[in-house]
1. Kirkwood hydrodynamic radius for region 184-339: how many Å is it when counted over pairs of different Cα atoms?
2. Calculate, in nm to one decimal, what residue 45 and residue 216 gain on full extension: separation in residues at 0.36 nm each, minus their alpha carbon distance.
3. Most mobile of 151, 183, 268 per a Gaussian network model of the chain (Cα springs, under 10 Å)?
4. What is the distance in Å between the Cα centres of region 276-323 and region 94-126?
5. Post the alpha-carbon centroid distance, region 1-74 to region 229-252, in whole angstrom.
6. Relative contact order, percent, of the chain when contacts are C-alpha pairs under 8 Å separated by at least 6 residues?
7. R0 = 35 Å: FRET efficiency of residue 333 with residue 271, Cβ-based, nearest 0.05?
8. Could you order the peptides 341-349, 252-260, 126-134 from most to least packed, using the average number of other C-beta atoms within 10 Å per residue?
Ligand code: SF4
Ligand code: FES
């Protein structure tokens, strides 16, 4: 019998294909090709396995999940199995008939991301002409189909001055939930950090904008706010702790504790093509590596927040100090914190404006820019042996 409670939710990355090219995409720099993707039957089998261990919710994501022509089939199966489905989409490939078909198939919820408040800057950031207006149209179709809508607003130095207008736009589209999230700097975000990291003054102003909007929209919309790590005093409890509440399945079926975990060399992530989901969740070596508190170094080991933030983010620790087992440098108690905060402040002031768009064609450039090639050749430097 399993001792580990089941994950609360699964992030199913149905594909890495996407018409948008956002420079902060949370996908790994190493994108999976279409030929590697799980089949319809394999995704449906995953839903069955997930339900069997007690998972209640699946986020259908990507890349862009509507690229998959079998999305309705997957949603129908999830509904029959009894799993709640949330579609996380850029929306630009949807038309009204498909929104209605997805609603009829049993889709429970839709999340649409917006890059800015106006078409010009929004389409520039997403790298897709006409995207912003299309998203607005789809948001209206989603509400007309009776589906609840969440609007995601990813913010950074190049759009933070429009945050108030972005929130207003989301509220005007009848979004009941608005997620304002500062870019997380791993994957493509790390590659483009110099162009995206906000100034400290921008972050302070954004905090005020969110507080004012929360008060004004009370009763109409809930605003979730993810603060930027680099200026934080304490880290976020990334994923609610490594392999404690969530898991991600990549387009090719690899099972990860978080969407960026594959960036950590030295860990072997298993595939649902090779091993049942329940076994991977319960006993996979990579899942156990940072689960709980036994792996923690000082200062986490003796910190009274160790079961609140679980030492922060493993992927960020690796990305910033080359050691996934280190205290997240976002924490003010990390020996690396001051250097990281100074780096962010410096990059934000330099004012780099151009970025490397996410695409299959720019993977090599991104790999070089993020230093992944060099680090991947030294996995022993990234993951020290397990404690004890
Ligand atoms: Fe969290 Fe570790 Fe910092 Fe304590 S020392 S606040 S457990 S990251
Ligand atoms: Fe992987 Fe935070 S994104 S642990």
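1. Values: mean 1/r = 0.0585 Å⁻¹.
It works out to 17.1 Å.
2. Details: separation 171, 0.36 × 171 = 61.56 nm, distance 4.46 nm.
So the extension gain works out to 57.1 nm.
3. In the Gaussian network model the winner is 268.
4. If we compute the Cα centre of each part, the gap is 34 Å.
5. Answer, in whole Å: 17.
6. Details: 748 pairs, mean separation 72.0, N = 388.
Averaging sequence separation for qualifying contacts and normalising by length gives 19 percent for the chain.
7. Numbers: r = 37 Å, r/R0 = 1.05.
Between residue 333 and residue 271 the formula returns 0.40.
8. Numbers: 341-349: 16.2, 252-260: 23.3, 126-134: 17.9.
Highest to lowest by the protection proxy: 252-260, 126-134, 341-349.
Coordinate-derived values only; no laboratory data. On a predicted model such as this, the values are computed, not experimentally measured, just so you know. In this analysis, Cβ positions are derived from the backbone assuming ideal geometry, glycine residues included, and neighbour counts consider all displayed protein chains.
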